[in-house]
1. Sort out for me the Cα centre separation of the range 151-192 from the range 281-349, rounded to whole Å.
2. Ignoring ligands, DNA and RNA, how do T136, T152, T159 rank by accessible area with a 1.4 Å probe, largest first?
3. Provide, as a two-decimal number, the C-alpha radius of gyration of the range 377-438 over 2.2 N^0.38 Å, N being how many residues it has.
4. For the residue pair L153 and E111, what label-to-label distance in nm results when each label sits 7 Å from Cα along the Cα-to-beta-carbon direction?
5. Quick one: the Cα spread of the range 261-344 along its three principal axes, in angstroms, biggest first?
6. Give the value in nm², to one decimal: projected area of the alpha carbon convex hull of the chain, averaged over all directions.
7. Relative contact order for the chain using alpha-carbon pairs under 8 Å, separation at least 6, rounded to a whole percent?
8. Please check which bits of the range 422-438 a label hung off Q347 would reach, taking the label as a point 7 Å along Cα-to-C-beta and the cut-off as backbone N under 17 Å.
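The values are calculated or read from the model by the stated rules, or taken from the named source; none is laboratory data. If you're wondering where the values come from, they're calculated on a predicted model, not measured in any experiment. Note that each Cβ is placed from the backbone with ideal geometry, even for glycine, and that neighbours are counted across all protein chains shown. Please note that ligands, DNA and RNA were not included when accessible areas were found on the heavy atoms of the full protein model with its side chains. Shrake-Rupley method; radii C 1.70, N 1.55, O 1.52, S 1.80 Å.
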Amino acid sequence: MQNVMAEQQAYSDNSLLLDAREQNVPRGVVTAHPLVIERARGSEVWDVEGNRYLDFVGGIGVLNVGHNHPAVVNAVTRQLGLVSHACFQVVAYPGYIELAQRLNKLVGGDEAYKSVFFTSGAEAVENAVKIARSHTQRPGIIAFDGAFHGRTLLGVTLTGMSAPYKQNFGPFPGDIYRLPFPNPLHGVTEADCLKALDQLFAVQILPERVAAIIIEPVQGDGGFLPAGPAFMQALRRITSQHGILLICDEVQSGFGRTGTMFAFQQLGIKPDLITLAKSLGGGLPISGVVGRAAIMDAPTPGGLGGTYGGNALGCAAALAVLDLFEHENLLQRSCQLGEQLNARLRQLADKYACIGDVRGVGFMQAVEILDFETGRPDAALTQKILDSACQEGLLLIKCGLHRNTIRFLAPLVTTDSQLEEALHIFDIALARATGRLG
C-alpha cells in the first residue's frame, strides 16, 4: 500500500516528475516550463498539482482550435472504432481521400491540385524538396536566414539558425543556398534581399539550376517576421521567369493563424507547393504537401509515402478541424483577437522601453525585447519575462535568431476575458522582470 501511495504522490508532484524526466530523457529535448500537464481544455491547461495556466503556446501553434475540442475528440473516437491504422500504401481509406479533396480545393481553388500526407512538418518539408527536384530535375534549393523548416538533417540544413539546431550535427546536405529575410527593425530591407538573390544567381548557382525557393510567409521560430506582399510578388515573378518552384511553408502560419486559412492568401501570390502540419490535425500528428497536380505527379510510384503518413486518426481529426473553420467563424475570430492583442501589446510597448517592436499578422503576434539603453537583443530579460509570466499562470515561449522575441500562439477559441487576463499577467511579468515590481 505504501508503494502505491508513493507512486500516486510521484504522479501528482511537478518536481518529482521533473526529476524523473531529468534521469530518463536526454538533455537535448528542452522543456520550456518546469511543469507537467495533466489535462487541458480550450486555452487552459492544469498541471499535476491542479494549478491552472492560460496556454498561449498551443503546442507551438498546433492547437488553433484549442485543446481537446469536442468535435475533434468525437471524430477521432469514432474513427478509432473503425480503423486506427492501415498504412495508405497498403490499402486506401475514405478519410485520406476526403482530406486531400478538401485541401486541394482550399489551396488550389479551380486549379488541379493534389495532396500527400505525412506525420511531421519536417517530413512535409523534406518531401516538398523531393517533389520539387523531381519535377524540375534541378538540385538547388534556396532558403532564408531565420527560417525554421524542421529538425531532420535536411530540415536543419534549410533552417537558418545555427544555435541550437545545427550544433555539431553535420556534415549537412549540399545544394542548399541562403538569403537574408526582410527585417525592418534590424535594417534588412526587401530590396536588400532581392539584391542578394541577384548576387546569389551571379556567383553561387545559376537560376536554371535552382529547383525551388522555400519561404515562410510569416517566419515562425525566426521571430514572427512577415514577408510583405511586394516581396512575395517579386519572388513569384522571379521564380516563374526561371522555372523555379515557389514553396510556402505554412506549417505554423496555416489554418487561420494569420486571419486567413493560409498566410499566402493575403499576399497576392499562389505558390506551387505548400507544406502543412501543426494545426492541421488539431493536436494529432499529421502533415502534408499540397501542390499543383502536374508537379505533385513528378515522383514515380513508390517515391512518396511513409508508414504513418496520413494515419486514419490524423485524417479524421483534420477533417473535423476543417469543419470547425467552416462552421464556427474562426477566421473572423482570428482577425478580431489579433486586433485586440496587437492594440494591447502596443500599449504595453508605450509603457515598457524594453519592447522594441510589436509585429505580426492576425492572431500571430510577437514582441521583440531589447536592452533599452543599447538597443541590442536582450535574451536574458526575455527569459525573465517568460519565467515571471509562468509563475503568474501564463505560458509563453520565445523565438528569434537571438531568442529575444516573445510569441503569442493562443488558440483561436480564446475568449475575450482569457485574452484580457493573459495581457494583465503579461503586464505584471514585464513589470517584475524590469524591476518595477519587487
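1. 24
2. Numbers: T136 25, T152 55, T159 0 Å².
Final ranking, largest accessible area leading: T152, T136, T159.
3. On the way: Rg = 11.8 Å, N = 62, 2.2 N^0.38 = 10.6 Å.
Output field value: 1.12.
4. 3.4
5. Over the range 261-344, Cα extents along the principal axes are 51, 32, 22 Å.
6. 23.1
7. Numbers: 871 pairs, mean separation 90.8, N = 438.
The value is 21 percent.
8. 422-431, by backbone N distance to the label point.
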